[in-house]
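Let me begin by presenting the structure, written as C-alpha cells, before commenting on it.
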Amino acid sequence: LTDYVIIGNGPAGIRAAETIRKNDLKSRILVISEENQPYYYRRLLARFIAGKYKPENLTVYPPDFYEKKTIEQMLGKTVIQVLPKEREVLLDDGQKIRYDKLLLAVGGKPVIPNWPGSNLKGVMTIRTLADAQKMVDFSLGKKNAVVIGSGLLGMNLAQSLREVGLGVNLLVRGDRLWSAMLDRKASDIIARRLEKEGIHVNFNMEVKRVVGDDSSVSKVITREGTEIPCELVAVSIGIRPNIDFLKYSGVEIDKGIIVNERMETNIEDIYAAGDVAQAYDVVYKDYRLNTSWTIALEQGATAGSNMSGLHETYCGLCSNTEKVYDVALTSIGIVTPPSIDCEVLAHDLEEKNAYRKFVLKENRIVGALLIGHTRDADRVEKLIRTEADVTDMKDKLLTGLV
Ligand SMILES: Cc1cc2nc3c(=O)[nH]c(=O)nc-3n(C[C@H](O)[C@H](O)[C@H](O)COP(=O)(O)OP(=O)(O)OC[C@H]3O[C@@H](n4cnc5c(N)ncnc54)[C@H](O)[C@@H]3O)c2cc1C
C-alpha cells in the first residue's frame, strides 16, 4: 500500500485524488487544505459576487463523496514545510504527516502592489470563498468601484459589481483588455460590450495611489493624474504561486514549481499540478505558468495517474474558454504573431460580435481566438497540441470546423 498525500483541495488536488482512487482502490489518500471549505468552484467566485450562487451551490461534490471514495480530508491546516529526506510534511500545528507520494497542488495568492493606500480597508482581492463573501458584504450600500486589471477575473468582477448596482471603472494598464490572451480586435468587441452595460473601460491607465482613511477608500489617483471617486477597489492583476513554504525543500522553483510532462518535480515521488506548476508549453516552447480551472483538472489527472503507477504525459497549452456577458470567447496559445514569419488568418464578423483568428507558423497553428462562436474550440485545441499541418484546412478554419 502507498500513502498518498495531496496538499490543496482545488481542482488539481481533488482530480488527482479521484484519479489515484480509480487506479488504486486500497491505499490511503489524504488531502490537506488550508481552507476550511471542501472542494468548491473557485472559478465561480466572481459571479458569486453578483448574487448568482449561494455558498452551498458552489460545493463541487456532496459530503458523502469523500466517504464513498475513501478520500480523507484534513481541512483548515497549513503545510509549512516539506521534508523530502524524512518523506514528511510539517503542519502549522506541529504535526508531521508521512507520505510515499506527495502532490503539491497549492495554487497561488493574488498580487497586491505596494501603492500608497493599498492596505486600506476597501482595497480587496479575491481568491477564496471567504474573500468573496467579504466583498459581497463590503459592497452593500456602496456606490462606486474601481476594478484594477483586465484579465478574465477583472472583467468578470467588473460585470458582477455592475450587476449589483455599483458604478464601475475598469482600469487597464495597456491598450487592450486581457493582453496575454486577446488581440486588439477581440478586446474592442468585449470593451464595447462592457461599455454597453455602463462599465467605463479606461485604457493606458495605471494606479498611483489609493486615497482614504482608516475606515474607507474615497478615490483612486492614476499616474496620468485622473482621480476616480470610489469606495471599493478590486485588485485583479494576477497571482503569485504559493511556493514560499518550499524554500528549504530542494524542490526546483522558478516562478512556480518546475515539472516535467509527467508532472514530476526534480525530487523523486513529489509532483506538482495546477496554478502552482510551471510546465512545458507546446507553443511557447518554454516552461510557463498556465493557470485555469481546466488546466488544473488536466494536470491533476496526469499527476494522479503517474503517482498511482501509470504512465501519462501532459501537453502544456495556455487555453481559456469563457464568457463576458453574452460574448463567448476562446483564446488559445499565441494570439499576437511573435515574429514576421507567422501567417495570420482572420475572419471578421464584427457586426455580430463574432471573430475568428489563427496564428500559424510553418502551417501549424500556434494560436487561435474564437469570439462569438466557440463550438469548435476543442478541435482547434487538438490541432495545436498535435502540431497538425493545416495547409489544406485554411478555409475551413475561418468558416468553422463543425
Ligand atoms: C475569483 C476567481 C475567478 C476565477 N475565474 C476563472 C474562470 O472563469 N475560468 C477559469 O478557468 N479559471 C478561473 N479562475 C482560476 C481557477 O480558479 C484556478 O486556475 C484554479 O482554481 C486552480 O486550481 P488549483 O487546484 O491549482 O489551485 P486552487 O484552486 O487555488 O487550490 C489550491 C488549494 O491549496 C490550498 N493551499 C494553499 N497553500 C496551502 C498550504 N501551504 N497548506 C495547505 N493547503 C494549502 C488552498 O487552500 C486551496 O484549497 C478563477 C479564480 C478566482 C480566484
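Read-outs: derived from the displayed coordinates by stated rules, not from any lab. Because the structure is a prediction, the values reported are computed rather than measured. Note: ideal-geometry Cβ built from the backbone for every residue, glycine included; neighbour counts use all protein chains shown.
Assorted remarks:
- Considering residues of segment 1-14 that are in contact with a helix residue (DSSP H, G or I) (Cβ under 7 Å, 6 or more places away or on another chain) and more than 8 Å from the ligand (Cβ to nearest atom) only, the residue nearest to Leu44 (Cα to Cα): Ile6
- For Arg127: the one exception among (1) out of contact with any Ser or Thr (no Cβ under 8 Å at 6 or more places or on another chain); (2) closer than 21 Å to Tyr4 by Cβ; (3) within 11 Å of the ligand (Cβ to nearest atom): (2)
- Flag for Arg127 being in a loop (DSSP other than H, G, I, E, B) and under 30 Å from Val168 (Cα atoms): yes
- Positions within segment 156-175 being within 17 Å of Phe138 (Cα to Cα) and either more than 20 Å from the chain's Cα centre (by Cα) or not polar (S, T, N, Q) (or both), in sequence order: Leu157, Ala158, Leu161, Arg162, Glu163, Val164, Gly165, Leu166, Gly167, Val168
- For Val79: the one exception among (1) within 25 Å of Ser292 (Cβ to Cβ); (2) out of contact with any Ser or Thr (no Cβ under 8 Å at 6 or more places or on another chain); (3) away from the ligand (no atom under 14 Å from the Cβ): (3)
- The set of residues in segment 171-202 that are in contact with a helix residue (DSSP H, G or I) (Cβ under 9 Å, 6 or more places away or on another chain) and within 19 Å of Tyr284 (Cβ to Cβ) comprises Trp178, Ser179, Met181, Leu182.
- Among the residues of segment 359-389, those that are out of contact with any strand residue (DSSP E or B) (no Cβ under 6 Å at 6 or more places or on another chain) and either touching a residue at least 60 places away in the same chain (Cβ under 8 Å) or farther than 21 Å from Lys185 by Cβ (or both) comprise Glu362, Arg364, Asp378, Arg379, Lys382, Arg385, Thr386, Ala388, Asp389.
- Residue in segment 275-295 that is within 19 Å of the chain's Cα centre (by Cα), surrounded by fewer than 23 Cβ atoms within 10 Å (Cβ to Cβ) and on the phi > 0 side of the Ramachandran plot present: no
- Test for Gly198: is it at positive phi, touching a residue at least 24 places away in the same chain (Cβ under 8 Å) and away from the ligand (no atom under 16 Å from the Cβ): yes
- Residue within segment 58-65 that is within 9 Å of the ligand (Cβ to nearest atom), assigned to a strand (DSSP E or B) and either more than 19 Å from Gly309 (Cα to Cα) or among the β-branched types (Val, Ile, Thr) (or both) present: no
- Selection within segment 296-321: residues that are in contact with a strand residue (DSSP E or B) (Cβ under 7 Å, 6 or more places away or on another chain) and among the aliphatic types (A, V, I, L, M). The member of this set that is farthest from the ligand (Cβ to nearest atom) is Met307.
- Top-ranked residue of segment 255-268 - restricted to ones that are surrounded by fewer than 21 Cβ atoms within 10 Å (Cβ to Cβ) and within 16 Å of the ligand (Cβ to nearest atom), ranked as nearest to Gly151 (Cα to Cα): Lys255
- Restricting attention to segment 157-177, the residues that are within 12 Å of the ligand (Cβ to nearest atom) and either of a type in the set (A, V, I, L, M, F, W, C) or surrounded by 24 or more Cβ atoms within 10 Å (Cβ to Cβ) (or both) total 2.
- Count of segment 230-248 residues which are in contact with a Gly (Cβ under 9 Å, 6 or more places away or on another chain) and within 14 Å of the ligand (Cβ to nearest atom): 10
- Unique match (being assigned to a strand (DSSP E or B), more than 16 Å from the ligand (Cβ to nearest atom) and more than 30 Å from Leu120 (Cα to Cα)) among Tyr271, Tyr280, Tyr284: Tyr280
- Residue check, Lys142 among the charged types (D, E, K, R), surrounded by fewer than 20 Cβ atoms within 10 Å (Cβ to Cβ) and part of a strand (DSSP E or B): no
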